[in-house]
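Take a look at the structure below.
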Amino acid sequence: MYLQIVLATGLRQEFTYLATEETKASYTPKIGLRVRVNFGRSERVGLIVGVNKTTDVDFKKLKPIIQVLDETPLLPQYLWELGLWAADYYNHPVGDSLMHLLPAKLRQPIQNQLIQLNWQIADVEVEFGRAKKQQILWAQLRKLAPAFNLNQLKSIDIKPSQLKPFLDKKWLTTSYPKPQSVNLQLAEKALELNSEQEKIVAHLSKVKDVFSCSLLNGVTGSGKTEVYFQAIADQLIAGKRTLLLVPEIGLTHQLLQRLEQRFNNRVLALHSGLTEHQRLNAWQQAGLGQADIIIGTRSALFTPIPDLGLIIIDEEHDQAYKQQEGFRYHGRDLAIKRASNAKIPILLGSATPSLESLANVARGRFSQWLLTQRAGIASTQTYEVVDLRNQPQSAGISEQLQAMIQVQLDLGHQVLLMLNRRGFAPSLQCQSCGSTAQCPACDANMTLHRRPPRLHCHHCEHQQPVYLYCPQCQSHQLKPLGQGTERTEEQLNTLFPNIPVHRIDRDTTSKKGSLEAMLAQVHLGKPCLLVGTQMLAKGHHFPNVTLAAILDADASLFSSDFRGPEKLAQLLVQTAGRAGRAKIPGTAVIQTYQADHPTINILVNQGYNAFAEQELTSRHKSGLPPLGHMALFHAQAKDATQAFALLSWLGEQIQDPALQTLTESLLLFGPMPAFMARRAHYYRAQLQLQHPSRKLLQQLVAQLCHLLDQHPAARKIRWSLDIDPQELG
Ligand code: ADP
Ligand code: ZN
Ligand code: ZN
């Protein structure tokens, strides 16, 4: 037998191996099973994608596989198909795409633990003769009849390896356990829905068992979460499970608590905070139907879930759904594909929907459901733009804002300040020669941190002690330039000495449990100041925050990325939305030197939907996504010219008359240096392709990848492809 194997390599290629009598003795090779193989000089785990009786490959060159690792495929058919579809759509190697769907542990050569979770004890009469030890062992196991799992085995101090003789003799058999059935236990009463909420919940309960995509476009605090919960309850009543995706691990905890309060047990969380072992366990539990509500971040989308009835994507606009390296898939888009394959509804929720989703509403592909009012007792929030021109300020906090903060604190409320830059200051500047502290490996400033003191490049993680004198001119006159969250925290401590300040950014929340601990403090409701990066803007429900300030709106106002205005609008509206979520009305303050900027104007005066409509029109005019389609080739090399040269060569191939049918309407930009031309010692270039037809662009890109795969230089230069890029550069 000849086996077609794919491996998690960058190679767009299948490899042929032999299955010998010996390998067949383990498990019979079948499509979807994992195998151990020798590849080059190392051993790898691969997946069987084909089983053939003949081959064109020279028999003498073929190596046998080492072992078939599984008895049944680990990926259910629906995930296997999703993986293949994604490989095709993103033009990503099949092996890497499929392996990506497995928890990391199962990409290693360990036996399929899922099978080992359930040993069936055969009903056989057994003679042991002199094998006394085995007899004792068998007697212990028999007590667990008819079946037992890994935990039970552990509790009687037996190792799985000790089972081998019984498995060989077939006194023990393994089987894929049947999924458990759905179990509905409401622990807390559902809220009475308002009429807007009611409409979408009713709609979702009507469209079960067919694919449909609904966009829940609801202002912040309008009760989207309550809609999710009631839609989940409807699924449970119908015996179906729900997958709920959230952008950030920090939000899983909060939602998990709320879900557990409402639904009792049977909620499972999958996110990057789990150890590999915990992740594997959760993945298997989900596959066995031991949970009915699965909540997780991006990759939880690849969880096996029997009887899945609904997928919900919370904060669907969030950038975190796009994987930015390796297999660059978009979690929202793959979730939509999964729902479509499974013929189930999917619900996308956001107060600031992506332009992609709004365009799909306009085309009639998605239905849209508006929640225009804050839910329950919550009042709304109003905007106040603080023009920083001619306004005294200390460390980025204007006097006007300072006074507003004081008023709220005196009333016993909480205040949130968002500054999307961590560290003490974005750079350290020499007062004599004007130079700033540059990262030795990147074309970027190093950020100054105080706790602990260091210069830290946020692009390559290079860290070094803070300079005592300027490396250019030896002057000792060094000063922090601009503000980061650490500096704001320090300033707030000075301005409001009796008020606790909680800083929430990547530096203060990297330790497990630290974010939860800080949020718990805030939820006590006592007057406090919260300062943090965009982490703070996302989804959190702080009932006692009445003032939310965006300290520096200008930082993202002049982005060269065409998505810049959209991202800024989302960040502003989401941050503003943290204020006034309970009885007391809230105010959102925007500090800017560009008080008349059109983006700020339309957001403040007409709201996000008006902004989005205008922005869509302008994208339309330039053929930009979501109306046109985009693909981005990246290349990077240590040599300053190589990456650029490779993409120049690729650009020339595109001019080939043979490709004319595909390139007629193509817009080609570049090659050009990436926005950060050098990062982590690599020089980076990119080539941007824009096309009105997704299909033609896909065909073109496939051909270009093929050409690159054959180009000798492309082996030495790291190149990658980003379909539907979310970030340019
Ligand atoms: P969103 O997810 O849209 O930002 P949430 O679901 O967090 O909003 O709801 C905000 C607040 O409104 C929560 O405290 C929630 O309990 C409350 N709420 C939601 N729906 C209702 C309702 N129908 N009646 C009363 N309160 C509600
Ligand atoms: Zn200097
Ligand atoms: Zn760097």
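The values are calculated or read from the model by the stated rules, or taken from the named source; none is laboratory data. On a predicted model such as this, the values are computed, not experimentally measured, just so you know. Cβ atoms come from the backbone with ideal geometry, glycine included; neighbour counts cover every protein chain shown. Side chains included, ligands, DNA and RNA excluded: accessible areas come from the protein's heavy atoms. Shrake-Rupley method; radii C 1.70, N 1.55, O 1.52, S 1.80 Å.
Values as computed for the structure displayed
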{"quantity": "Mean-position separation - Cα centroids, the range 1-78 and the range 231-297, in angstrom", "calculated": "34 Å"}
{"quantity": "Extension reserve of the GLN402-GLN135 stretch, reckoned as 0.36 nm per residue once the Cα distance is removed", "calculated": "88.3 nm"}
{"quantity": "Sparsely packed chymotrypsin sites (Phe, Trp or Tyr not before Pro) within the range 574-616, loop by DSSP, other Cβ within 10 Å at most 15", "calculated": "TYR593"}
{"quantity": "Solvent exposure ordering (accessible area, 1.4 Å, most first) of SER161, SER427", "calculated": "SER161, SER427"}
{"quantity": "Sites GLN431 and ASN498 - FRET efficiency at Förster radius 35 Å, r taken between beta-carbons, to 0.05", "calculated": "0.55"}
{"quantity": "Magnitude of the charge dipole, the range 629-723, Cβ model with Lys/Arg +1 and Asp/Glu -1, debye to 20", "calculated": "440 debye"}
{"quantity": "Top positive-direction residue, dipole computed over the range 195-371 with Cβ charges, set ALA342, HIS203, LEU370", "calculated": "ALA342"}
{"quantity": "Entries of LYS105/LYS159; LYS154/LYS240; LYS63/LYS105; LYS61/LYS695; LYS322/LYS716; LYS479/LYS512 with Cα pairs more than 30 Å apart", "calculated": "LYS154/LYS240; LYS61/LYS695; LYS479/LYS512"}
{"quantity": "Total charge dipole magnitude, the chain, about the Cα centre, Cβ charges on Lys, Arg, Asp, Glu only, Debye to nearest 20", "calculated": "2080 debye"}
{"quantity": "With DNA, RNA and ligands ignored, accessible area of MET404 (1.4 Å probe; Å², nearest 10)", "calculated": "40 Å²"}
{"quantity": "Calculated SAXS-style log₁₀ I(q)/I(0) at q = 0.08, 0.09 Å⁻¹ - the chain, Debye, Cα scatterers", "calculated": "-0.76, -0.96"}
{"quantity": "DSSP-defined beta bridges in the chain - what % are antiparallel, rounded to 5", "calculated": "55 percent"}
{"quantity": "Charge dipole (the range 2-107, unit charges on Cβ, about Cα centre) - positive-most of ASN38, LEU75, GLY95", "calculated": "ASN38"}
{"quantity": "Restricting the range 398-496 to trypsin sites (Lys or Arg not before Pro) in coil, as DSSP defines it, with at most 10 other Cβ within 10 Å", "calculated": "none"}
{"quantity": "FRET E, pair LYS512, LYS61, Förster distance 60 Å, beta-carbon r, rounded to 0.05", "calculated": "0.75"}
{"quantity": "Chain lengthening between ASP656 and SER155 when straightened (0.36 nm per residue, less Cα-Cα)", "calculated": "173.6 nm"}
{"quantity": "Eligible lysines near LYS60 by straight Cα distance, threshold 25 Å, same-chain separation 8 or greater", "calculated": "LYS24, LYS30"}
{"quantity": "GluC sites (Glu not before Pro) restricted to the range 258-325 and DSSP loop, no more than 15 other C-beta within 10 Å", "calculated": "GLU325"}
{"quantity": "Sites SER181 and GLU260 - FRET efficiency at Förster radius 25 Å, r taken between beta-carbons, to 0.05", "calculated": "0.80"}
{"quantity": "In range of the label at TYR593: residues from the range 551-572 whose backbone nitrogen is under 18 Å from the point 7 Å along Cα→Cβ", "calculated": "551-560"}
{"quantity": "Label-point separation, TYR78 to TYR469 (7 Å along Cα→Cβ), nm", "calculated": "6.8 nm"}
{"quantity": "Burial order of peptide ranges 511-517, 566-572, 716-722 (average beta-carbon count within 10 Å, highest first)", "calculated": "566-572, 716-722, 511-517"}
{"quantity": "Label-point separation in nm, THR173 to THR380, each point 7 Å along Cα→Cβ", "calculated": "6.6 nm"}
{"quantity": "Sequence-separation-based contact order of the chain, relative, with Cα cut under 8 Å and 6+ spacing, percent", "calculated": "10 percent"}
{"quantity": "Stretch gain in nm, segment ARG142-GLN391, where the contour uses 0.36 nm per residue and the Cα spacing is subtracted", "calculated": "81.6 nm"}
{"quantity": "Computed label-point distance, nm, for sites GLU664 and ARG450 using a 7 Å Cα→Cβ extension", "calculated": "6.3 nm"}
{"quantity": "Options TYR683, PHE669, LEU697, ranked by Cα towards positive dipole end of the range 629-723, top entry (Cβ charges)", "calculated": "TYR683"}
